[in-house]
Structure formats: C-alpha cells, structure tokens
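Enquirer: Here it is: the structure, laid out below.
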Amino acid sequence: MAVQAGFRRFRFFSSEAREGPVAPSHVTCTAAGADGSLWLGCADGAVLCLAGSDLAVQASFPAHQGCVRAMEWSKGKLLTVGEDGEGLRNLQLKAWAVEGLRPGTTPAALAPPCRLLPAAPKVVPAPAGSAGGEGGLAAVALRCADWPAVAVAVGLSNGTVHILRADAAKPRATAPVPAAQLRDAGGSLAALHFAAAPVASGGGGPPGAGSAGSAAAGAAGGAGGSGAGELHLFAVGPSRLAAFDVRTGHRLLEDECGCGCRPGCSAVSEQGELLVAGPDAVYFYTAEEGRKAAYSVRGKKLALAAARHYAVVVMAEEGAAAGGAPTQAVAQVYDLQNKVVAASVPLEQPMAWLLSHAGGGCIDIGDAAGGVVRLVEKPFAEKVEALYKSRSYQLAVAVAETEQADAATLAGIHRQYGDFLYSKRDYDQAMEQYSATVGHLEPSYVIQRYLDVQRIHSLTDYLEHLHARGHASCDHTTLLLNCYTKLKDVAKLDAFIQGDGRMSRDALHFDIDTAIRVCRSAGYSEHALYVALAAGEPQVYLDILLEDCQRYGEGLEYIRGLPRQEAAAALQKYGKALLAALPVETTALLMGLCLRDPADPGAHVANLGDFAHLYTDRPEDLQYACVTILNMNPDSPSRQALYHTLLDLYLSPAGSSSGGSGSRGAAGDGAAAEAASGGSSNQEGGGGAAVAAAAGGGGAQGAPPGVATSSSSSSSSQQEALDLLKRGWPPGEDPAYSVDYALLACRMRNFRPGLLFLYENLRLYRELAAVLMEAGDRQGLISACQRFGDARTGGDPQLWHDALEYFASQPDDCSAEVRELLARIEVSGILPPLVVLQLLSRSPSFRLSLVKDYVTRQLQADNRSIRADQEEAERLKEEIEKTRQQLERLQSEPVVFQSSRDSQTNAPLELPSVHFLCGHSFNLRTLGDGDAACPLCAAEHRKAQELRRSNRASAADKDTFFKQLRAAPDGFSLVAEYFGKGLLNNTSVTTG
C-alpha cells in the first residue's frame with residue numbers, strides 16, 4: 001500500500017505472525033490485563049485468557065449464555081457484560097476474580113450477576129426520519145473507576161443510550177440520568193466509549209501529545225483506576241457522534257458535520273481524546289472542544305485502535321475484490337503528530353479483532369482463521385538510530401519529544417543534529433542545536449569548534465545560553481565578556497550585565513568576580529561598578545571607584561553610607577588616597593567614626609590608632625583629630641590609643657617643630673575647648689611640685705589640660721605632653737593610658753618631667769631620684785628626699801642614703817648640699833651616724849670640718865641616751881630584786897593575815913572570809929561565785945598576761961618585724977629592743 005501523502009515510513013515496530021488456530025474466529029470484544037495477558041470475549045459466551053508472552057491459552061470459561069458484549073480488566077478483576085437469554089432484560093454484568101488465575105481453572109464470580117435492564121426500557125420518542133421503538137442492542141461500554149462502582153453504557157439500534165451505575169459487589173444497577181438519544185443516528189449505534197476528561201495543563205499541545213500527567217490519568221482510566229477529571233461518554237453512529245456528561249447526562253457535544261464511522265473504527269486515547277476513522281481522515285475529538293484535528297489518511301478503514309501516541313489503522317488493501325468483505329488488508333501504525341508511518345504489516349486473512357496492550361508497546365491483530373499478528377515497538381535507541389541513518393534529525397527530535405524522552409537523550413539528539421549541520425558549515429543552525437544541549441554536553445566541545453572557525457557571534461549566543469540556564473563557569477563568563485569587548489557590542493554587554501535591572505545578587509546570573517575582573521581589565525569600569533554594587537561588594541566597588549575611576553568625592557560619600565564597622569575598614573584601606581585628595585572631609589569622617597553615636601550607643605566605635613599609619617606625612621591633622629576626639633568623647637573606648645598617639649606626636653621632633661598647630665586647631669573647636677577647660681582641677685596635688693621644679697618653672701602648671709598654647713617651641717610641645725599625662729592620670733584614679741608605654745616613650749625621648757610625674761604616681765621614689773641625679777638637679781634631689789624620704793608618710797628612707805652617696809661621688813664641691821642633708825637627717829634621725837660617716841668618707845674632697853659639728857652633736861646625744869639607759873637598767877634591777885625577795889618570802893615564810901575589814905567594801909570581816917597572798921581580804925559574799933583572783937589586783941595581772949601574749953605574737957609575726965626594721969631610722973635599736981623583750985629568744989622546733 002502506498003504511503004499516505006506527507007507521511008514518512010519507518011520501521012518502529014517489529015512484526016511476528018502466529019498461525020491459527022491461536023484464538024477463536026468469533027471474538028466479539030477484547031480486554032488487556034496489566035500483566036500483559038489478553039482476554040477475548042466470544043459470541044458463544046466464552047471468555048479466553050491468552051498469555052502475553054507466547055499467546056498460549058491460559059484459561060477458558062463460559063461467562064454468559066449468549067454473546068459477550070463488553071469486557072473491562074480492573075485491578076485483578078474482570079468485568080463482563082453479556083446476554084444470558086433473549087431480550088435486553090437478560091443483559092447482565094458479572095465480575096470475576098482473575099488475579100493469580102492458574103492455567104486450566106475457571107475464575108470465581110465475585111458477586112451474583114447484576115441485571116442491567118431488569119424492566120423494559122421506555123420508548124424514547126425518536127426524531128423524524130429515525131427508527132422508532134425500543135430497538136435492539138447495538139453497543140455496550142464499561143468503565144470501572146473505583147471498585148465496586150461500575151459505569152455502564154448501553155446503546156440501542158435506534159440511537160438510544162442508557163447510562164447506568166452498577167455496583168459489582170451487589171446485583172444492583174440504577175439509571176441516575178434519563179436515557180439519551182443520538183439524534184438522526186442514521187442507523188444503529190457504531191460504538192460507545194467512556195473517556196476521562198484530561199487534567200488541565202499549563203500549556204497546549206498538538207492532539208495526541210498530552211502531558212505526562214494527562215497520559216497517566218488516561219492510562220489509569222483505561223485500566224479501571226480512578227480518573228483525575230470528569231467522566232464523559234462518546235456515542236458514535238455511522239454519520240454522527242455526540243458526547244455526554246456521565247454524572248448529569250447533559251449533552252456536551254453534537255457533531256452535525258456528518259462525521260461517523262462503522263463499528264470498530266473508533267477508539268479513545270490515553271489522553272481522553274476520541275479518534276474516529278473516516279473514509280478520508282482520522283479525526284480527534286474532545287468533549288469540551290469538539291473536533292481538535294484531522295489527519296488525512298485515505299482508504300477504507302476496517303478497524304482503529306489507540307496505542308499511546310500511535311493510531312493503529314487497519315485498512316482494506318488496494319485492489320481488493322469488489323463487493324463484499326475484502327480478502328486482504330494492511331495494518332498501519334501512524335504517529336499522526338509527527339507524520340510517520342511507524343509500521344505497515346499486510347494481513348493475509350480477514351481481520352477479526354484488534355487489541356492494544358496496556359502501555360501501547362504491543363499490538364495484537366487477530367484474523368478470521370484464528371491467527372494473530374503481533375506488533376512490538378522497538379526500543380527508543382533503535383528508532384533514533386534509524387532516524388540518524390536517514391539523516392532525519394528534526395524528526396528524531398520530534399519523536400523524542402513525543403516519547404517524552406529524558407533531557408539527556410534529547411540533548412544527545414540535538415548534538416547529533418548540530419554535528420551534522422556543522423559538517424555542512426551551516427554554523428548558525430548548528431548553534432541552535434548546540435544551544436539545546438546546555439546542561440548535558442560539555443561546553444568546551446562547542447566552544448572549541450566555534451573558536452576554530454572564528455564564529456564569534458554564534459559563540460556569543462551559545463555562551464549567553466550557558467549563563468541564562470545557570471551552567472556557566474567563571475571561564476565561560478570571561479570568554480563571553482571578551483567576546484562582547486572584541487565585538488564592541490556595548491548594548492549586549494549592558495543587557496548581559498544589567499539583566500532584568502534588579503539591583504540584587506540573585507539577578508546576576510554569572511560569576512561576579514570574573515565579570516568584575518574582565519570589565520576592569522577591558523576598561524569598562526562603569527559595568528564593573530554596576531556588578532559590584534548589585535552584588536553588594538563594597539570593597540570591590542570602592543576599589544574600582546577610587547583606583548580605576550579616581551572619583552574620590554563619590555567614594556567618600558559611599559563610605560559614609562556604609563555601616564560604621566565597614567566604613568572604618570574601608571578607610572583603613574583607602575584612607576591614604578582619600579587624605580591626599582580630600583584631607584578635611586576624610587579627617588572629619590574618620591573623627592565621626594571614632595566618636596560614639598548618641599542615637600545608637602551600641603554602634604561600633606573605631607580606634608583612631610588603627611588609622612595612625614595614614615597620617616605619617618600629616619602629623620598636624622592626626623594631632624588635631626586625636627585632641628578633638630578626646631575632648632568631645634573623653635570616655636571613648638579607644639582613648640588609650642588616643643593618649644599614646646598624642647604623646648608620641650608631642651614628643652616627636654615633628655611634633656616639636658610643628659609648634660602645636662594641630663592643637664591650636666583643636667582648641668579652635670568650641671566643643672573641644674569647652675571640654676578641655678573643664679579638666680584644670682585634675683592637676684592639683686600628686687607630685688605637681690616635683691614635676692614643675694623639674695620642668696623649670698611653675699607657669700605652665702596651671703594651664704588647663706587639652707588647651708593648646710600658642711608657642712611653637714619644643715618646650716610648648718613638652719608642656720602639652722606633660723599636661724596630657726596629668727589629664728590621663730588624675731589623682732586617686734586609674735590611668736587612661738598604659739603607664740609602661742608612657743614610661744618607654746618618655747625614656748626614649750628623654751622627657752624628664754614626664755618621667756618624674758610617672759615615677760611619683762607609681763611611688764617609685766628611688767627611680768625618681770635617679771632621674772634627678774642623672775639630670776644633675778641637686779636641689780630637686782634634696783626636695784625629693786624631703787617629700788618622699790619619710791617612711792611614716794609612705795616614703796622611702798633609702799632616698800637619703802642614695803642622695804649622700806650621690807653627693808659623695810661628685811667631683812665638685814657639694815658641701816652646701818651635704819650640710820643641708822645632714823641637718824635634715826639629724827633632725828629626723830633618719831640614718832645612723834656611722835652610716836653617714838661611711839658614705840661621706842668615700843669623697844676625697846670633703847673635710848672633717850664638714851661633719852665635725854654633726855659628729856659632736858651625735859656623740860652628745862648618744863651619751864645622754866647611754867646615761868638614760870643605765871639609769872633605767874638600775875631601776876629595773878632594783879624592781880627585779882624586790883620581786884625576787886618577795887617571791888622567796890612567799891615560798892619560805894608563813895603569811896599572817898591581820899586585816900579585820902573587807903578590802904573592797906571596808907566592812908568588818910565575817911566568816912566565811914577569803915584572804916589572798918597579795919594581802920587583801922574579802923568577805924565571801926563580796927567576791928561572788930567562782931572568783932579565784934583578787935579583784936583589786938586582777939587588772940594588773942591581766943595587763944601583764946596580755947603583754948606577754950602580745951610579745952609572743954610579735955615574735956611569731958616576722959613580716960611586722962621586718963616592716964618595722966625597714967621603716968626604723970636605727971635598725972640596731974629595734975633589734976636590741978626585740979632582744980630585750982625576749983622576742984628573739986623563742987625557737988620553734990618542728991618534729992616530723
């Protein structure tokens with residue numbers, strides 16, 4: 001048979017013929033099981049089950065007494081409708097349990113038979129010109145959507161259609177809607193078909209190419225599963241067809257174009273579309289839209305079946321015998337959507353039945369002789385290979401889409417097509433195919449090919465597809481941007497960079513770092529700025545703005561709008577360039593970041609010390625910033641760094657030569673001057689005299705801290721440094737700066753006033769004296785000894801020793817200073833005379849006359865002390881002797897008590913009375929209970945006992961002894977006193 005016009009022939013199916021008798025010749029209806037089995041209903045009421053693999057008869061049983069009219073396989077159950085007697089009243093529905101049916105056995109009935117039309121149906125008035133009366137049985141349709149509910153449609157020869165609802169588990173059937181009538185049927189009904197309305201999908205498509213969801217829904221409906229949409233009934237006559245809503249019975253469609261078919265020439269696809277084989281075409285209908293499409297297929301149609309997206313058409317062979325049934329026919333499988341004849345098999349015997357298996361991969365055609373021709377669909381790979389051989393690449397793509405092949409398979413077909421077009425040098429069309437492989441084909445394969453032929457425009461299109469689908473790497477972004485810049489296509493570059501115009505990172509469908517790098521290197525700074533801003537990369541944005549564009553004002557404003565912490569980090573990186581271009585504005589921004597924000601106390605506060613490196617060549621600006629921040633925010637978290645920075649600036653040679661211009665600028669600020677004037681009282685006390693004397697004058701001592709003077713000399717800077725140290729360490733408070741750092745800075749720059757102030761506050765008086773000795777300040781040294789050499793006020797007496805040793809080591813005449821020191825030492829008794837003489841004897845320049853008077857006075861004082869000590873010793877000896885004699889008398893002689901009166905109350909003594917060895921007598925009632933000591937002598941005794949216990953405690957307290965020894969002017973006298981009290985005679989012995 002010739003190929004239909006517009007169709008191409010391919011062998012997508014393999015055919016296999018089974019000679020009869022395989023199946024009976026009187027088959028009236030068929031059904032396919034999900035396990036591949038075939039169920040054949042016969043005119044004699046028998047039902048046969050054929051194995052799907054070899055078509056062997058597995059079971060055969062009598063289902064009805066008469067003809068089997070319809071069958072439905074649903075979830076392991078077989079539903080049959082057949083005649084069990086004459087007339088419509090004997091039309092019955094039966095359910096059989098066929099799951100797990102063993103060969104040679106008869107399935108069990110699940111319920112008693114259900115009589116569909118138990119009473120004679122009413123006569124439906126027939127339209128004019130049509131046959132009236134009840135009519136005979138013409139067609140039956142079954143649909144089991146939800147077991148045991150079964151929808152049954154019974155069509156009569158006069159065009160009447162009864163829609164019934166049966167319960168397969170119970171012998172009961174009802175007619176929920178009135179009987180319908182196929183108007184002007186033009187003869188008996190040809191067929192009835194149930195169809196589930198397809199689920200609405202997002203997009204339309206050609207007929208027969210429904211979505212996966214709708215295909216699955218249709219398959220489920222065909223197998224008895226629950227349909228996803230409403231259930232419709234198609235009624236097809238020889239010249240007319242109609243569609244009804246099963247639930248309501250309403251007529252949804254009435255085709256009045258004279259389109260009908262003979263019995264067996266209509267079918268329902270998996271998508272719920274009705275296929276009608278007319279003489280000249282195959283038509284597609286839906287209940288909602290009516291006729292959707294028509295495909296020209298000429299020839300006399302004998303049978304029609306739907307198998308997935310294929311239409312199986314059995315047509316009479318051209319040249320068949322005229323008149324009567326044709327003796328030869330041909331079965332053709334059409335992919336109507338893609339205009340392909342997928343198979344064409346001649347049939348030697350007249351066709352008896354046609355069945356498409358579940359899934360559509362297998363089609364069986366039975367002939368009148370009992371033979372079966374089986375068509376089996378080839379694997380998809382073989383079909384595509386056949387299309388490759390014929391170079392039908394476009395058709396291969398269309399077939400793959402119809403077959404709903406996976407994306408990788410489709411990409412492989414597009415690649416083959418692209419390679420074919422590339423070999424023909426049709427580069428633009430080839431690129432369209434390569435673009436469809438994005439995500440599956442390695443991009444380097446395509447890129448290398450188009451680089452070899454220098455097709456930059458096509459390569460640009462491919463790279464754009466890569467980025468649009470999210471499969472581009474940073475190298476692809478680099479290449480695409482280089483293509484734009486080489487083509488100088490600024491419009492495309494703008495469209496690629498800006499995308500949909502949203503300033504967000506999600507809107508950038510490329511590698512951000514790569515895009516910025518390429519745009520900067522190619523000189524497209526504005527595009528790089530856009531990417532950095534949209535991506536939220538402030539550091540990169542500032543890099544481009546300041547380094548490439550050198551737009552410092554705009555950069556400074558952008559930094560001002562950043563969060564405080566990010567702005568501080570940006571200033572650390574770009575501050576040098578900004579200071580060179582905009583010194584005033586940059587310094588103002590920096591000071592704002594270093595000050596606490598009143599509106600947000602918890603906001604980040606920058607540390608000015610982190611920015612000191614920016615001002616290596618601008619010390620005046622740094623000094624101004626430090627002073628301003630300290631004055632406006634004295635409790636700044638970075639105040640320690642501010643003090644350190646200011647101290648370095650004041651003591652550095654640059655700070656001395658600058659003349660305090662930065663401080664003058666700070667003092668010119670109203671808030672800074674007001675804050676500085678409020679701290680003048682902090683300088684009072686705490687060593688100001690020694691520092692002022694060391695500094696050479698007291699005029700600067702009263703200057704308020706923080707207020708810069710107008711002098712430009714180094715003494716002015718040193719005075720500012722001293723004021724800074726005093727301001728940062730008020731009396732009685734902790735220092736605001738690191739004392740170690742301040743000491744190091746003052747020592748390195750030989751700043752003597754600062755050292756004196758710090759040592760005085762640290763109570764390191766000997767180090768303070770060492771500074772004065774190093775400077776040769778003799779009067780300052782004597783003053784320091786007077787103020788800090790008294791141990792009773794917390795001073796260090798060793799200062800006197802160090803001062804005498806210092807003067808004794810001087811080569812010049814220091815007699816006046818020594819005399820002054822000796823006078824102070826003599827008055828306070830700070831040092832023993834022997835120590836003084838030993839120290840002064842080291843100087844070869846001192847004369848005896850220098851210490852003659854001092855020695856004479858000391859000897860006289862010692863003689864007086866010796867005489868006093870001797871007299872005290874004699875007195876103590878006499879007391880000891882008296883006490884010893886009294887003790888001996890008490891131990892050896894009797895004591896006579898002659899007192900007749902109470903020693904406390906002066907009352908006459910009465911028995912009982914108590915007499916003490918001390919000579920006192922008391923009435924017993926006077927003493928009270930438990931008083932074993934003389935009340936008159938008890939206080940003295942307790943005093944002696946307390947003194948003894950105190951001495952013992954003092955002997956055990958070594959720390960107190962050594963503390964007194966260090967503070968005593970004459971340590972020998974203290975040791976002698978401890979020996980005299982016996983405090984050093986106690987020896988503690990520890991035994992293990």
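The values are calculated or read from the model by the stated rules, or taken from the named source; none is laboratory data. What you see is a predicted model, and the numbers here were worked out from it, not measured in a lab. Counting neighbours? That spans all protein chains shown, and the Cβs are built from the backbone with ideal geometry, glycine included. Surface areas here come from the heavy atoms of the whole protein model, side chains and all, with no ligands, DNA or RNA. Shrake-Rupley method; radii C 1.70, N 1.55, O 1.52, S 1.80 Å.
Enquirer: Filter region 518-530 down to the residues that are free of Cβ contacts under 8 Å to residues at least 40 places away in the same chain, part of a helix (DSSP H, G or I) and in contact with a Ser or Thr (Cβ under 8 Å, 6 or more places away or on another chain) and list them by number.
Expert: Residue satisfying the conditions is Cys519 alone.
Enquirer: Which residue pairs have Cβ atoms under 8 Å apart, sit 6 or more places apart or on different chains, and have a first residue in region 281-301 that is without any contact (Cβ under 8 Å) to a residue 24 or more places away in the chain and a second that is hydroxyl-bearing (Ser, Thr, Tyr) and open to solvent by 10 Å² or more (accessible area, probe 1.4 Å)?
Expert: From region 281-301, the pairs are Ala281/Tyr295; Ala281/Ser296; Ala294/Tyr283.
Enquirer: Right, next: Looking for something among the charged types (D, E, K, R) and over 25 Å from Trp147 (Cβ atoms) - is there at least one such residue anywhere in region 84-98?
Expert: The answer is yes; a qualifying residue exists.
Enquirer: Let me ask you something else. Within region 442-454, does at least one residue satisfy the condition of being touching a residue at least 40 places away in the same chain (Cβ under 8 Å) and either on the phi < 0 side of the Ramachandran plot or surrounded by 13 or more Cβ atoms within 10 Å (Cβ to Cβ) (or both)?
Expert: No, region 442-454 contains no residue that is touching a residue at least 40 places away in the same chain (Cβ under 8 Å) and either on the phi < 0 side of the Ramachandran plot or surrounded by 13 or more Cβ atoms within 10 Å (Cβ to Cβ) (or both).
Enquirer: Specify which of the listed residues (Ser865, Ser843) is in contact with a Phe, Trp or Tyr (Cβ under 9 Å, 6 or more places away or on another chain), within 30 Å of Arg819 (Cβ to Cβ) and not in a strand (DSSP E or B).
Expert: Every option except Ser843 fails the conditions.
Enquirer: So Pro103 passes all but one of these: (1) out of contact with any helix residue (DSSP H, G or I) (no Cβ under 8 Å at 6 or more places or on another chain); (2) modelled with pLDDT of 85 or more. Which condition number does it fail?
Expert: Unmet condition: (2).
Enquirer: If I ask for residues that are under 19 Å from Arg469 (Cβ atoms) and touching a Cys at 6+ places or on another chain (Cβ under 8 Å), which ones from region 498-518 would you list?
Expert: Asp511, Thr514
Enquirer: To continue, here is another question. Of the conditions (1) polar (S, T, N, Q); (2) loosely packed, with under 14 Cβ neighbours inside 10 Å; (3) modelled with pLDDT of 90 or more, Ser738 clears all except one; give me its number.
Expert: With (1) polar (S, T, N, Q); (2) loosely packed, with under 14 Cβ neighbours inside 10 Å; (3) modelled with pLDDT of 90 or more applied to Ser738, the lone miss is (2).
Enquirer: Scan region 501-528 residue by residue and report those that are more than 14 Å from Val540 (Cβ to Cβ) and at pLDDT below 85.
Expert: Scanning region 501-528 gives Gly501, Arg502, Met503, Ser504, Asp506, Ala507, His509, Phe510.
Enquirer: Here's another thing I want to ask about it. Out of all the residues in region 584-614, which are out of contact with any Asp or Glu (no Cβ under 6 Å at 6 or more places or on another chain), closer than 24 Å to Glu554 by Cα, in a helix (DSSP H, G or I) and open to solvent by less than 60 Å² (accessible area, probe 1.4 Å)?
Expert: Thr586, Ala588, Leu589, Leu590, Met591, Gly592, Leu593, Cys594, Leu608, Phe611, Ala612, Leu614
Enquirer: Open to solvent by less than 10 Å² (accessible area, probe 1.4 Å), among the aromatic types (Phe, Trp, Tyr) and either at pLDDT 85 or above or not in a helix (DSSP H, G or I) (or both): is that true of Phe807 in this structure?
Expert: Taking the combined requirement at face value, the residue satisfies it.
Enquirer: Working carefully through the options Ala59, Ala46, find the one that is modelled with pLDDT under 90, of a type in the set (A, V, I, L, M) and over 25 Å from Gly237 (Cα atoms).
Expert: When all the criteria are applied, what remains is Ala59.
Enquirer: So if I check each of Val152, Val124, which one is modelled with pLDDT under 85, within 30 Å of Gly278 (Cβ to Cβ), hydrophobic (A, V, I, L, M, F, W, C) and open to solvent by less than 60 Å² (accessible area, probe 1.4 Å)?
Expert: Val124
Enquirer: I'm trying to understand the selection: among the residues of region 900-917, which are open to solvent by 70 Å² or more (accessible area, probe 1.4 Å) and assigned to a loop (DSSP other than H, G, I, E, B)?
Expert: Ser900, Gln904, Thr905, Asn906, Glu910, Leu911, Pro912, Leu917
Enquirer: What's the number of the only condition in (1) open to solvent by less than 50 Å² (accessible area, probe 1.4 Å); (2) more than 28 Å from Gly33 (Cβ to Cβ) that Glu288 fails to meet?
Expert: Tallying (1) open to solvent by less than 50 Å² (accessible area, probe 1.4 Å); (2) more than 28 Å from Gly33 (Cβ to Cβ), Glu288 fails exactly one: (1).
Enquirer: Now for a separate question. Need at least 2 residues that are open to solvent by 20 Å² or more (accessible area, probe 1.4 Å) and under 21 Å from Arg172 (Cα atoms) per element, so show me which strands (runs of 3 or more DSSP E) inside region 1-116 make the cut, counting only ones lying wholly within it.
Expert: In region 1-116, the matching strands (runs of 3 or more DSSP E) lie at 68-74, 77-83, 91-97.
Enquirer: Open to solvent by less than 50 Å² (accessible area, probe 1.4 Å), out of contact with any Phe, Trp or Tyr (no Cβ under 8 Å at 6 or more places or on another chain) and modelled with pLDDT under 90: which single residue out of Gly688, Gly732, Gly696, Gly754 fits that description?
Expert: The conditions single out Gly688.
Enquirer: Can you list the helices (runs of 4 or more DSSP H) found entirely within region 538-583 that contain at least 3 residues being at pLDDT 90 or above and of a type in the set (Asp, Glu)?
Expert: none
Enquirer: Filter region 933-983 for residues that are at pLDDT below 70, assigned to a loop (DSSP other than H, G, I, E, B) and exposed (fewer than 14 other Cβ atoms within 10 Å of the Cβ) and give the result.
Expert: Gly982, the sole residue that qualifies.
Enquirer: Among residues belonging to region 380-398 that are within 48 Å of the chain's Cα centre (by Cα) and not aliphatic (A, V, I, L, M), point out the one that is nearest to Gly361 (Cα to Cα).
Expert: This residue is Phe380.
Enquirer: For Ala381, all conditions in the list (1) open to solvent by less than 60 Å² (accessible area, probe 1.4 Å); (2) farther than 24 Å from Thr477 by Cα; (3) part of a helix (DSSP H, G or I) hold save one; what is the number of the exception?
Expert: That leaves (1) as the condition not met.
Enquirer: Same structure again: If Ala400 meets every condition in (1) free of Cβ contacts under 8 Å to residues at least 24 places away in the same chain; (2) open to solvent by 40 Å² or more (accessible area, probe 1.4 Å); (3) small (Gly, Ala, Ser) apart from one, which number is that one?
Expert: Every condition holds for Ala400 apart from (2).
Conditions (1) buried (at least 21 other Cβ atoms within 10 Å of the Cβ); (2) assigned to a loop (DSSP other than H, G, I, E, B), marked per residue:
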{"residue": "Gly412", "(1), (2)": "no, no"}
{"residue": "Gln429", "(1), (2)": "no, no"}
{"residue": "His457", "(1), (2)": "no, no"}
{"residue": "Leu466", "(1), (2)": "yes, no"}
{"residue": "His471", "(1), (2)": "no, yes"}
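Enquirer: Being in a loop (DSSP other than H, G, I, E, B) and under 60 Å from the mean Cα position of the chain (by Cα) is the filter; apply it to region 351-372 and report the residue that is modelled with the lowest pLDDT.
Expert: By that ranking, first place goes to Gly360.
Enquirer: Now a separate question. Tell me yes or no: at least one residue of region 534-548 is open to solvent by 10 Å² or more (accessible area, probe 1.4 Å), under 22 Å from the mean Cα position of the chain (by Cα) and under 25 Å from Arg596 (Cβ atoms).
Expert: Scanning region 534-548 turns up at least one residue that is open to solvent by 10 Å² or more (accessible area, probe 1.4 Å), under 22 Å from the mean Cα position of the chain (by Cα) and under 25 Å from Arg596 (Cβ atoms).
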